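Chemist: Below: one structure in structure tokens.
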Number of protein chains: 2
Amino acid sequence: MTSKIKMDEFISFANILADESSKVVMKYFRQNIKIENKVDDTPVTIADKKSELKIRELINNAYPSHGILAEEFDNTKLKSEYIWVVDPIDGTRSFIAGHKDFGTLIALLYKRKPILGIINCPAHDERWVGVENRITTLNGKDTKTSSKKTIKDCYTITTGLYFENEKFRNGFNNIIKKSKYYILGGDCYMYGMLSSGLVDIVVEDTLKAYDYMALIPVIQGAGGIITDKYNNSITLDSDGSVVATANLLIHKQAINMINL
Amino acid sequence: MTSKIKMDEFISFANILADESSKVVMKYFRQNIKIENKVDDTPVTIADKKSELKIRELINNAYPSHGILAEEFDNTKLKSEYIWVVDPIDGTRSFIAGHKDFGTLIALLYKRKPILGIINCPAHDERWVGVENRITTLNGKDTKTSSKKTIKDCYTITTGLYFENEKFRNGFNNIIKKSKYYILGGDCYMYGMLSSGLVDIVVEDTLKAYDYMALIPVIQGAGGIITDKYNNSITLDSDGSVVATANLLIHKQAINMINL
């Protein structure tokens, strides 16, 4: 277990990681920068790379025994008790367009379970910090998910219609048909919005560990629920589907609609 | 014709309308407000209504002979030489979710043609002002569309997949397949992004006059092109389809892909 003193130290340190990556990323925001395409045909920029390198450097200096799993460079020491899971820019497509919904995702795992997560959206100047057994904060203030009771009253959001599995896609379509409102677009900012009670259901697919690990403590600490599409807890080895909702009542309804 | 002195007066006044509507709208942003559904099943809030009433009051006081066409209340004096076309909150769904991409759209028409347009996004603190025969500004600074030459290099964006016409929907799908990147979501903020060269192609359907009139001077003054899906100029009586692009080269390619 991680003591309270140690945990407070990790929280301060994770905030420093977010501060420092913000500086790097915002230096390149809305500038004319080179964009490369990776082997999986997703884009990457110098801002992604430099942000990740800065975070890696800080972690390696402060906690040389900790592991690092991040999007742009090789994983290191994944057998460590503590592993940092980092997406230097989640929503690179938004970042490239100069749209503000991208963010940096930072998670700390202890024995493979996330105990700390940060969703840092520097262009919005909004940062959600989630810690195991504590209340999630937005810019330092406690924040919580909504208390909606039925999908009919819910606001649903997803980044795009990237559903690989037909049943999952149909389930999502059923949810948006039943929801009061839905919008598209949002990247990691959607999960911040969920954690602050602004929207109630977020559904996504084809995510990677660095896309979702930081979300878990943020959403759970705000009172929300996050699982895969089968209602399983999300782990490093999950299938990439994410169903995140404001509370257990809504979660059960959403999972049922997906697994009809 | 509108003299330069008169035009400068209108620009100052339109900025006051934007300032005052910002105050009203931001007072309700991310607050727990009541949402009603209109007869067309679209949502409306007290922020939409109060913002529009404030704008109407200011126009009626300053220019009692001018007409007003706006989303929430009855049109007045549409036979006037000058007509103000206003959407107090474009992107009400985003506004309701506490997402920042909504905005207030203000256009001034002279003999039914837009001579002045404002896209005001108060949650982003960004305002685009377009005036006939002048360069568009973003927060007071000149701004322009991109100089991309082929769709293959373009960034395409649309709010959602609200295409009524199948041919148009297929054309849009062809454009996003050929584009370098695309994202969903954005409301009127997309047209500001286009006018500042951040994205290159915006395609939408089912818009109303108050959704598109303000866009025209902004996009044209930034060097961009905006037409309906058949490449016709957009007027008060257009069909609601909008194809807005960075320049003539891109526009021709986009229109061709839609009308194959």
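The values are calculated or read from the model by the stated rules, or taken from the named source; none is laboratory data. Remember, it's a predicted structure, so these values are computed and weren't measured experimentally. Backbone-built Cβ (ideal geometry, glycine too); neighbour counts: all protein chains shown. For the accessible areas, the whole protein counts, side chains as well, though only heavy atoms, and no ligand, DNA or RNA atoms are used. Shrake-Rupley method; radii C 1.70, N 1.55, O 1.52, S 1.80 Å.
Chemist: Take the solvent-accessible surface of the protein heavy atoms, probe 1.4 Å, and return the percent of it on region B:3-137 that carbon and sulfur atoms account for.
Modeler: 51
Chemist: Further question on the same structure: Taking the Cα centroid of region A:212-230 and of region A:40-116, what is the distance between the two, rounded to the nearest whole Å?
Modeler: One Cα centre to the other: 18 Å.
Chemist: For helix A:248-258, what angle does its Cα long axis make with the longest principal axis of chain A, in degrees from 0 to 90 and rounded to 10?
Modeler: 80
Chemist: Under a GNM of chain A (C-alpha, springs under 10 Å), which listed residue has the highest mean-square fluctuation: A:T42, A:T145, A:T158?
Modeler: Comparing A:T42, A:T145, A:T158 in the GNM, the peak value goes to A:T42.
Chemist: Can I ask one more? Along the axis that rotates chain A into chain B, which residue of chain A has the nearest beta-carbon, and what is the gap in whole Å?
Modeler: Axis-proximal residue of A, distance in whole Å: A:G185, 1.
Chemist: So what are the ³J(HN,Hα) numbers for region A:200-211, from phi and the Karplus equation (6.51, -1.76, 1.60; θ = phi - 60°), rounded to whole Hz, Gly and Pro as x?
Modeler: 10, 9, 10, 10, 9, 9, 6, 7, 10, 3, 5, 7
Chemist: Report, for B:K252, each distance to the same residue's label point in the other copies, shortest first and in nm; define the point 7 Å along Cα→Cβ.
Modeler: Result for B:K252, in nm, nearest copy first: 6.2.
Chemist: Further, regarding this structure: Which loop-located GluC sites (Glu not before Pro) does region B:16-98 contain, where loop means any DSSP state but H, G, I, E or B and the Cβ has at most 15 other Cβ atoms within 10 Å?
Modeler: Counting only loop positions with at most 15 other Cβ atoms within 10 Å, the GluC sites (Glu not before Pro) in region B:16-98 are B:E81.
Chemist: Sticking with this structure for a sec: Full extension from A:D8 to A:K208: what is 0.36 nm times the residue separation minus their Cα-Cα distance, to one decimal in nm?
Modeler: Taking 0.36 nm per residue and subtracting the Cα distance, the gain is 69.3 nm.
Chemist: Oh, and also: Counting other Cβ atoms within 10 Å, which GluC sites (Glu not before Pro) in region A:147-250 have at most 11 and lie in a DSSP loop?
Modeler: A:E164
Chemist: Using alpha carbons only, how many degrees (0 to 90, rounded to 10) separate the axis of helix A:166-178 from the longest principal axis of chain A?
Modeler: Relative to chain A, helix A:166-178 is tipped by roughly 70 degrees.
Chemist: Average the reciprocal distances over every distinct pair of alpha-carbons in region B:85-208, invert the result, and give the Kirkwood radius in Å.
Modeler: About 15.4 Å, per the Kirkwood formula over Cα pairs.
Chemist: Around B:G160, which amide H atoms from residues at least 5 apart in sequence, or from another chain, sit under 5 Å from its own amide H, with H modelled in the peptide plane?
Modeler: Placed amide hydrogens put B:G185 under 5 Å from B:G160.
Chemist: Around B:L109, which amide H atoms from residues at least 5 apart in sequence, or from another chain, sit under 5 Å from its own amide H, with H modelled in the peptide plane?
Modeler: B:I83, B:W84, B:V85, B:I115
Chemist: Let me ask something additional. So which chymotrypsin sites (Phe, Trp or Tyr not before Pro) in region A:169-255 pass both tests, a DSSP loop state and at most 15 other Cβ atoms within 10 Å of the Cβ?
Modeler: A:Y230
Chemist: Dipole of the protein assembly as shown, Cα-centred, from +1 at each Lys and Arg C-beta and -1 at each Asp and Glu C-beta, to the nearest 20 debye?
Modeler: 120
Chemist: Under a Cβ-only charge scheme (Lys and Arg +1, Asp and Glu -1), can you give me the dipole magnitude of chain B about the Cα centre, in debye to the nearest 20?
Modeler: 640
Chemist: Same structure again: My understanding is that a pair violates if its Cα-Cα distance is over 31 Å; which of A:K6/A:K100; A:K49/B:K148; A:K180/B:K27; A:K38/A:K252; B:K27/B:K177 do that in this structure?
Modeler: A:K6/A:K100; A:K38/A:K252; B:K27/B:K177
Chemist: Kindly give the semi-axes, whole Å and largest first, of the ellipsoid equivalent to region A:151-260, taking each as the square root of 5 times a Cα gyration tensor eigenvalue.
Modeler: Here the semi-axes work out to 17, 16, 13 Å.
Chemist: Nm distances between the label at B:L78 and the same-position labels in the remaining copies, 7 Å along Cα→Cβ, shortest first?
Modeler: 6.3
Chemist: Taking the solvent-accessible surface of protein heavy atoms with a 1.4 Å probe, what is the per residue accessible area of chain A in Å²?
Modeler: 42
Chemist: Most mobile of A:V24, A:V243, A:V199 per a Gaussian network model of chain A (Cα springs, under 10 Å)?
Modeler: Maximum among the listed residues: A:V24.
Chemist: Anything losing 50 Å² or more of accessible area from the isolated chain to the full protein assembly: pick those residues out of region B:156-174, probe 1.4 Å, ligands and DNA/RNA ignored.
Modeler: Residues meeting the cut-off: there are none.
Chemist: To continue, here is another question. Select from A:A222, A:A47, A:A123 the residue whose mean-square fluctuation is largest in a Gaussian network model of chain A (Cα-Cα springs shorter than 10 Å).
Modeler: Per the Cα network of chain A with a 10 Å cutoff, A:A123 tops the list.
Chemist: With a 1.4 Å probe, how much accessible area is buried between chains B and A, both sides summed, in Å² to the nearest hundred?
Modeler: 2400
Chemist: Counting alpha carbon pairs within less than 8 Å and at least 6 residues apart, what relative contact order, in whole percent, applies to chain A?
Modeler: 16 percent.
Chemist: Another question, then. Roughly speaking, what is the stretch gain from A:D74 to A:N61, that is 0.36 nm per residue apart minus the C-alpha to C-alpha distance, in nm to one decimal?
Modeler: Fully extending the segment from A:D74 to A:N61 adds 3.0 nm.
Chemist: So, one more: At B:D153, with labels set 7 Å past Cα in the Cβ direction, how many nm apart are the copies from this one, shortest first?
Modeler: Computed spacing set for this position: 5.2 nm.
Chemist: To continue, here is another question. At R0 = 56 Å, how high is the FRET efficiency between A:V39 and B:D40 if r is their beta carbon distance? Nearest 0.05 is fine.
Modeler: 0.75
Chemist: Please report how far the C-alpha centroid of region A:169-185 lies from that of region B:130-171, rounded to the nearest whole angstrom.
Modeler: One Cα centre to the other: 27 Å.
Chemist: If amide H atoms are built 1.01 Å from N in the plane of the peptide, which residues on other chains or at least 5 residues away come under 5 Å of the amide H of A:L207?
Modeler: HN-HN under 5 Å from A:L207: A:S241.
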